[in-house]
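A short reminder: the numbers here are calculations on the coordinates, not readings from a lab. These numbers were taken from a predicted model, which means no experiment stands behind them. Cβ atoms come from the backbone with ideal geometry, glycine included; neighbour counts cover every protein chain shown.
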């Protein structure tokens with residue numbers, strides 16, 4: 001089982017069924033996690049958080065292993081595609097701070113639960 005600490009949460013709106021989702025595994029030197037997170041918050045997040053269509057972005061790390069997960073939900077596939085292109089340009093900057101990137105996993109949200117309510121894109125029936 002993997003264990004992660006959430007170190008960044010940017011919530012612009014709720015992820016709902018039909019939203020696009022991307023998850024990227026990252027890694028870095030465990031001794032440098034605080035510096036890497038600080039760099040992400042000060043240099044990378046400001047460039048991503050105002051991207052059109054961003055709903056949610058989360059950065060989670062395992063301080064013991066140096067592994068992490070950056071995930072984000074987007075209004076639709078097109079918003080995610082455009083943002084992914086822009087974000088790829090930020091990778092050299094992040095790599096210079098000690099971040100290694102794994103493969104991205106692209107998904108579509110089909111079910112979302114927020115604040116104890118189940119969202120399927122319509123009304124829940126009892």
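Largest GNM mean-square fluctuation across 20, 89, 104, computed for the chain with C-alpha springs under 10 Å, falls on 89. You can think of it this way: the chain between residue 88 and residue 23 has 22.0 nm of extra reach, that is 0.36 nm per residue less the Cα-Cα gap. FRET efficiency for the residue 38 to residue 76 pair, using the beta carbon distance and R₀ = 25 Å, is estimated at 0.20. Gyration tensor over the Cα atoms of segment 39-93: the corresponding equivalent ellipsoid has semi-axes (square roots of 5 times the eigenvalues, largest first) of 21, 13, 10 Å. Solvent-free Debye calculation, one equal scatterer per alpha-carbon of segment 1-95: log10 I(q)/I(0) at 0.10, 0.15, 0.16, 0.25 Å⁻¹ equals -0.25, -0.57, -0.65, -1.38.
Label positions at residue 45 and residue 105, each projected 7 Å from the Cα along the C-beta direction, are separated by 2.4 nm. How tilted is helix 77-88 with respect to the longest principal axis of the chain? Cα atoms for both, answer in degrees (0 to 90, nearest 10). That helix lies at roughly 10 degrees to the long axis. Neighbour counting of Cβ atoms within 10 Å sorts the residues 101, 40, fewest neighbours leading, into 101, 40.
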